1. Taking interchain pairs and intrachain pairs at least six residues apart, which have beta carbon atoms under 7 angstrom, with the first residue in the stretch 19-33 and more than 16 Å from residue 64 (Cα to Cα) and the second near the ligand (Cβ under 10 Å from one of its atoms) and aliphatic (A, V, I, L, M)?
2. At pLDDT below 95 and either more than 30 Å from residue 57 (Cα to Cα) or touching a Pro at 6+ places or on another chain (Cβ under 6 Å) (or both): which single residue out of 20, 2 fits that description?
3. What's the number of the condition residue 77 fails, among (1) within 16 Å of the ligand (Cβ to nearest atom); (2) under 13 Å from residue 5 (Cβ atoms)?
4. Just the residues that are within 11 Å of the ligand (Cβ to nearest atom) and on the phi < 0 side of the Ramachandran plot, please, taken from the stretch 17-64.
5. Got a number for residues in the stretch 52-98 being surrounded by 10 or more Cβ atoms within 10 Å (Cβ to Cβ), closer than 26 Å to residue 19 by Cβ and not charged (D, E, K, R)?
6. Six or more apart or on different chains, Cβ under 7 Å: which pairs go from a residue in the stretch 71-86 that's in contact (Cβ under 8 Å) with a residue 60 or more places away in the chain to one that's in a loop (DSSP other than H, G, I, E, B) and buried (at least 19 other Cβ atoms within 10 Å of the Cβ)? Could you list them?
Amino acid sequence: MEKRHGGRLTEERQWVVLTESTRSDNDGWVHSCGEMILKTTVYLSHRIPQSRIAGDGRVRNVTVPYCPDCELAPTRGVFYDDGRWWIDSWEREAEPVA
Ligand SMILES: [Zn+2]
């Protein structure tokens with residue numbers, strides 16, 4: 001099965017993967033597929049709205065839950081001064097062995 005991009009938010013800014021998960025006994029989350037949800041730190045780089053690539057060098061990070069079985073782990077993203085941010089980079093999916 002092809003993995004989807006992890007780190008998606010719903011319109012209400014809830015993590016999509018958590019809306020599909022249930023709390024487990026040991027303070028974690030279990031995805032609908034049965035796999036434990038993992039967390040990863042995603043680094044966001046500052047961006048200036050007029051420029052797709054330039055920023056002032058500031059970096060923020062955000063902790064993102066994802067399902068290692070169903071999703072590619074997010075790795076990097078961008079943020080703007082108005083608070084908007086999003087993920088734009090994910091780990092590569094391993095090539096299937098022929
Ligand atoms: Zn899953």
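The values are calculated or read from the model by the stated rules, or taken from the named source; none is laboratory data. Source: prediction; values computed, not measured. Note that each Cβ is placed from the backbone with ideal geometry, even for glycine, and that neighbours are counted across all protein chains shown.
1. Listed pairs, sorted by first residue: 22/30; 24/30.
2. So the residue among 20, 2 that is at pLDDT below 95 and either more than 30 Å from residue 57 (Cα to Cα) or touching a Pro at 6+ places or on another chain (Cβ under 6 Å) (or both) is 2.
3. (1)
4. The answer is 17, 20, 21, 29, 30, 31, 32, 33, 35, 36, 37, 38.
5. Total meeting the criteria: 21.
6. Matching pairs, first to second residue: 71/6; 72/6; 73/6; 74/6; 74/7.
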